[in-house]
1. Would you kindly compute the Cα radius of gyration of the chain and its largest Cα-Cα separation (Dmax), both in Å?
2. To the nearest 0.05, how large is the calculated FRET efficiency for R210 and E181 if R₀ is 25 Å and r is the Cβ-Cβ distance?
3. Contact order normalised by length for region 119-311, with contacts defined as Cα pairs under 8 Å and 6 or more residues apart; what percent is it?
4. Using a Gaussian network model on the chain with a 10 Å cutoff between Cα atoms, which of A400, A379, A192 fluctuates the most?
5. Output wanted: per-residue J couplings in Hz (rounded whole) for region 431-446, from phi through Karplus 6.51 cos²θ - 1.76 cosθ + 1.60, θ = phi - 60°, x for Gly and Pro.
6. In whole Å, what is the distance between the alpha-carbon centres of region 39-117 and region 286-350?
7. Counting every Cα pair in region 404-448, what percent are over 15 Å apart?
8. About its Cα centre, how strong a charge dipole does region 119-311 have in debye, to the nearest 20, once Lys and Arg get +1 and Asp and Glu get -1 at the Cβ?
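The values are calculated or read from the model by the stated rules, or taken from the named source; none is laboratory data. Being a predicted model, the structure only gives us computed values, none of them experimental. Reconstructed Cβ throughout: ideal geometry from the backbone, glycine too, with neighbour counts over all protein chains shown. Note: areas computed on protein heavy atoms with side chains; ligands, DNA, RNA excluded. Shrake-Rupley method; radii C 1.70, N 1.55, O 1.52, S 1.80 Å.
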Amino acid sequence: MVVRSAKAGVEATGHAVAVVGAGPAGMFAARALAAAGHEVVIINRDIKPGGLAEYGIYPDKIKMKSGLRKQFWKILEEPRIRYLGGVRVAEGGDMTLKELRGLGFSALVLAVGAQGTKLLGLPGEQAEGVYHAKDLVYWYNRLPPFTDMAVRFGRRVAIVGVGNVMVDIAHWIVLNEPGVEEVVILCRRGPAERKYTPKEISYIAAAFDRERLAAEIERIRPQLEAVGQDPEGLLAELTASCDVPLSGPSAVRVTFEFLTSPVAIEADEAGRVAGVRVERNALVPREGGEPGSRGLGQFEVLPIDTMVYAIGDSVDPALGLPVGRDGFATAQGGDSYQAEEGGAPVDGVFLVGWSRRASDGLVGKARQDAEIGCVEVNAWLAARAPEPAAAGAFDRLMAALAGCGADPMATEAVRRLVEIEDARAEAEGLEEFKFGTDAEMRAAILQI
Ligand SMILES: Cc1cc2nc3c(=O)[nH]c(=O)nc-3n(C[C@H](O)[C@H](O)[C@H](O)COP(=O)(O)OP(=O)(O)OC[C@H]3O[C@@H](n4cnc5c(N)ncnc54)[C@H](O)[C@@H]3O)c2cc1C
């Protein structure tokens, strides 16, 4: 690899590192590695960088998104960092992890996020009308190929989960899906164990059916009181932001089914979701922590026609590493950032961000994880002299990608794409414009 002009004061180490994934974890990892004097190439599945910061965060958080984009572009402009978008490293992808490991890089830092989908494994989950939240957020944030997904919400949508991702999905439906009459939030435990934050829920609290919410608290009053919780206080907390107006008109009602676990999805003759069979729960006190839940053996069917899982994400084993408890397995019982296989650390392979701990926190947490992880990577590299092969690793990568027919989009091409999209947005008077397919993106870049 040709060593290009380094930042003042930082000597080139001769090490070459491939970072896989250009979400927040990959971007901040790349910066930390380049700052230590290593040559870095970022390889990213999506043509554009950003990961969930680009394709997950709710579309109207424009200020947050553009602030992150600016930071990412600053990183991509660093002299020791190169970018290759539109390249998937996985079994069945453009290149396998084993092939990448054979190219001579001094180390690999894997920051591919948590691309697997987590369901509950219930009977009927294959019915039409069952979605995973991540697929939906990719769809409404226009990440190819999810842009083409045939999403059809019915009239009553159940969302399983009580975190901020549930709120994002409900928010989208409330403002953009006029055919939906009701969003039913299914919560295994009670209102005190909700995970969403006050700021996020304030975007949709005006759509709460307050009468129905009060009745629901009444229904579960005995279970709440049995563990010393205050039903009135909880109702007041739940409705605290109901007077914050929605950012657009909506007739959608949002209701909650607390202490309720889905146990099966029922489908109609056409194979579409027709209801969800649920079990009602009681709260079970736990020493020093939040109460758990226990099924009461009382079942009923709620008439819904769409089901969304917002219960977190899992890592995708197609990357080619063993999966541990929270993400891909790492050494020292998960305390290290080095990958682990067969009980031993994998030489030169590290994991950061949601790949290491799936669904763990916000962008700031992913950044922190990457920066702490790279302290370990940098120490590991500092203890080793660069192999002669590191100098040619980038060229071998490009040759291997050409050999398998991949067409990576480098920094300049992606910058042109962003300029074209920005110009389209301005011309069409839109907040933002995004091409819906990789082919359209590539064609737009070529036409310039
Ligand atoms: C719906 C939703 C809303 C959120 N809203 C907010 C919010 O408002 N504010 C906030 O701070 N945080 C928010 N977060 C959390 C935030 O997005 C994450 O903390 C952060 O993006 C995790 O970063 P990451 O780099 O580990 O993974 P990701 O952001 O998922 O990035 C992974 C990257 O790896 C690439 N990749 C995947 N597989 C491969 C492969 N096989 N080969 C090559 N590249 C690959 C992808 O293209 C992607 O660029 C939200 C998350 C979700 C799911």
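1. Rg then Dmax for the chain, in Å: 23.9, 71.
2. Calculated transfer efficiency: 0.95.
3. Numbers: 390 pairs, mean separation 60.8, N = 193.
Answer for region 119-311 is 32 percent.
4. A379
5. So the J values, rounded to whole Hz, are 4, 7, 10, 10, 4, x, 9, 4, 4, 5, 5, 5, 5, 4, 5, 5.
6. A separation of 22 Å, based on Cα centres.
7. Looking at region 404-448, the distances longer than 15 Å represent 43 percent of pairs.
8. Here the size comes out at about 240 debye.
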